Amino acid sequence: MSASMLRSSLRGAASAAPFFPIFLDQLPNAVLIFEAESRQVIYVNPAAESALEISRKSLEGQTIGTVFEDNAVLNHMINEVMMSPSLLQRQEISLHSLPGSIHHESGPAHVVINALDDPSLILMEWFPIDQQLRSERDERVTQQVEANKQLMRNLAHEIKNPLGGIRGAAQLLEFELEEKGLREYTQVIIKESDRLQNLVDRLLAPHRKAHVMQMFNIHEALERVRSLVLAEFPKGLTIDRNYDTSFPDILGDREQLIQAVLNIAHNAAQALSEEIRTGIARIEFKTRVARSVTISKQRYKLAIDLHIIDNGPGIPEDIRERIFFPLVSGREGGSGLGLTLAQTFIQQHQGFISCESRPGCTDFHIQIPYRKVEKIA
C-alpha cells in the first residue's frame, strides 16, 4: 500500500498519536512515523523492525538521523515535505542499516515521505529494491534444487539394486578363490560397494524418515549444536550466542532442525581451519523474531530468523550459487550432501535457507514460520 493511500486511512489518527490504525502492523513494507521537528520516531511497524533488525521498543524515541546515519538525501526529502506538507516525496535512495545489525551496509531502497493530516507528524515508508528480485531468485533456485534432488533420488534407486548384486557376487567369488592374494581385489569391490551404498542411503534418508513433531525451544536445540561442534573443535574456536529469548516454543521435528544447523555449523568449523590454528575462529548463532514475512509466496505473521555467521575465508565463488545442490562441495573429500540435507529439512518445515558469503564473513540465513498446532507435511 502506498503512502498516499496510508495518508487517507490515517485521517484523524495523527491527533491521537501514538495510536495508529492496526492495519499498519500488517503492511509488508516498512513504515516509521516520526515528529517533524524533533524527528523522533513514535511508531514502528513489524516490517520496519524486521528490516532494521531492532525491536520497536528500542527504535521508538530515536531520531531518524540515528536510525539512518544522517542520510543527506533522506534529510532533503524530509525537509521538502516539512516546507510543503501537501507534497509527497518519492525517491530511490541508498539506505544504511542501523549500526549493530548483521548487514551494516547501504542498500538501494524505494522511499516515500509524506506528511500526515497533522503536519507535525511524518510517515516514512520503504522497501528494498532488490526484495522482489531476491524473492524471484530464491524461488528459481528452490525449483532448480528440487529438480536436482528428484534426479538424485531416481538415480539412487537405480544404483541401489545393482550395487547389492555386485557386492554379493564379489563375496561369492571370494569364497571360491584359493589364492589369498586375489582376495584383496574382491575386498576392494566389497568396500567400494559399501561406500556407494552408504552414499545412496544418505541421499534417500531425508525422504524415508517420518516427522517427529513436538513443541521445543529453538535455543535449546542451538545449544545442543554448539556443544557438539565445540566438542570436536575444543581449541581456537568461539561460538557466540546472540539470542532473542522472547521467541516461544515452535512446532517441528527437533532432531531434523538440529541436524540442519549442525551440518551448517560443522561445515563452517571445517572451513575455519586456519582461523582455528591462530585462535581467531568465530561462529555466531543469532536469532530474531521476524514479523509479516513471505516465504514461497505465502504470508506468515510470525517466523524465526536464524543466522549462522562465521569469519572464515568464504565460499569459493565458482560454487557459491550451487552450494545447495547435491554432491557440490568446496572441501576436498567432502560428500556435498550436508547443505542439501539441511535445505531439505528446512523446506519440510515450510522455511527457506539462503547464504551470503565473502572473505571474512559467511552468513547462512534460515527463516521458519511459527506454527503452534498445524501439521507440517
The pairs in K191/K286; K57/K301; K57/K235 lying past 30 Å Cα-Cα in this model are K191/K286; K57/K235
Ranked output for segments 24-31, 341-348 by mean other Cβ atoms within 10 Å, highest leading, reads 341-348, 24-31
Taking a straight Cα-to-Cα line shorter than 20 Å from K160, and setting aside same-chain aspartates and glutamates fewer than 8 residues away, one finds E192, D194, D201
Counting every C-alpha pair in the range 213-369, the percent lying more than 18 Å apart is 57 percent
Per DSSP, the loop-located trypsin sites (Lys or Arg not before Pro) within the range 277-316 having at most 15 other beta carbons within 10 Å are K297
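Where a number appears in this text, it was derived from the coordinates with a stated rule and is not lab data. The structure displayed is predicted, hence computed values, not measured ones. Glycine also receives a Cβ, built like all others from the backbone with ideal geometry; neighbour counts cover every protein chain displayed.
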